[in-house]
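The values are calculated or read from the model by the stated rules, or taken from the named source; none is laboratory data. Note that this is a predicted model, so its numbers are computed, not measured. Note: ideal-geometry Cβ built from the backbone for every residue, glycine included; neighbour counts use all protein chains shown. With ligands, DNA and RNA removed, areas are computed over all heavy atoms of the protein, side chains included. Shrake-Rupley method; radii C 1.70, N 1.55, O 1.52, S 1.80 Å.
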Amino acid sequence: MKFMQGRAIASLVIVATMVLLNGCATIKTPNPSDPWESWNRSMQSFNDNLDDYLMKPVAKGYQWITPDFIDQGVTNFFSNIDDIGVVTNDFLQGKFLQSTKDGARLLINTTAGVGGLVDVGSMIDLPKHNEDFDQTLGVWGVPTGPYLVLPFFGPSSPRGVAGLVGDAAMNPFTYVGIYLNPEWLGAAVSVGTGALKVIDARANLLGMEKVASEAALDRYQFFRDAYLSNRNYLVNDGNVPEDDVLKFEELKDEGFGPLNTNPY
């Protein structure tokens, strides 16, 4: 719970920073990191409409009918599943000590935490880390590439697309259909868990998306700059270059770790 509250507070700080930056921008100049802006804006409009008419109502309904402790348990469960990829990416990035700690967190939460429903790791000073295959590719020197908005998935990049494929390969639910019979049962479990994860994640963002939407002068630019800066922050482990749009180092000094600003 403290982790989720920290993310929410940090996201508000990001919003405030972007408002100041956007307010200073009086002349629009082409962005070399966004050559596909026309496509991206149309895809963001598509995603926004999908969110307004489908995802947001479903997320609100889910939040309304789900008790807080169950909602938190679902969030913890999927966070624990994601830790499988975190441990793998730690190792691939050469962060062997962190990989050991995250492996211990995964083991403890899976056992003492009843399959990850309870975040015991955070209670014993084994905090959650944010590592994914996109970051691993970045550590290996693969460039981000131009900003790209994907239908359904939202802000991304060519490297981010490869990262999504890698993350899916590290998710055990990807292979459920292979081991469950009949096939329709495996497909139902895989699709069902994926849908629940998306709905739960969207419900967790309900408190901050209104602030982000109303604060930004250009909502598209806000999410683009926030996404690109966030990726730089994560790949560089907080050692953000001086020309980065958002000064995430200042947030780290305040005690906030890597942030997920993806609204989708």
**Message:** Residues that are open to solvent by less than 40 Å² (accessible area, probe 1.4 Å), closer than 22 Å to Ala195 by Cα and outside any loop (DSSP other than H, G, I, E, B): does the stretch 116-128 have at least one?
**Reply:** no
**Complete:** The one condition Ala226 fails out of (1) in a helix (DSSP H, G or I); (2) open to solvent by less than 40 Å² (accessible area, probe 1.4 Å); (3) modelled with pLDDT of 90 or more is (3)
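Have a look at Leu54, Leu50, Leu137 and point out the one that is open to solvent by less than 40 Å² (accessible area, probe 1.4 Å), of a type outside the set (Asp, Glu) and in a helix (DSSP H, G or I).
Details: Leu54 fails: open to solvent by less than 40 Å² (accessible area, probe 1.4 Å); Leu50 fails: open to solvent by less than 40 Å² (accessible area, probe 1.4 Å).
From the options Leu54, Leu50, Leu137, the qualifying one is Leu137.
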**Prompt:** With respect to the numbered conditions (1) open to solvent by 60 Å² or more (accessible area, probe 1.4 Å); (2) in a loop (DSSP other than H, G, I, E, B), which one is the sole condition not fulfilled by Pro146?
**Reply:** (1)
**Request:** Look at Pro155 and say whether it is on the phi < 0 side of the Ramachandran plot, open to solvent by less than 40 Å² (accessible area, probe 1.4 Å) and in a strand (DSSP E or B).
**Result:** yes
**Message:** Can you pull out every residue in the stretch 69-89 that is of a type in the set (D, E, K, R) and farther than 12 Å from Lys128 by Cβ?
**Reply:** Asp71
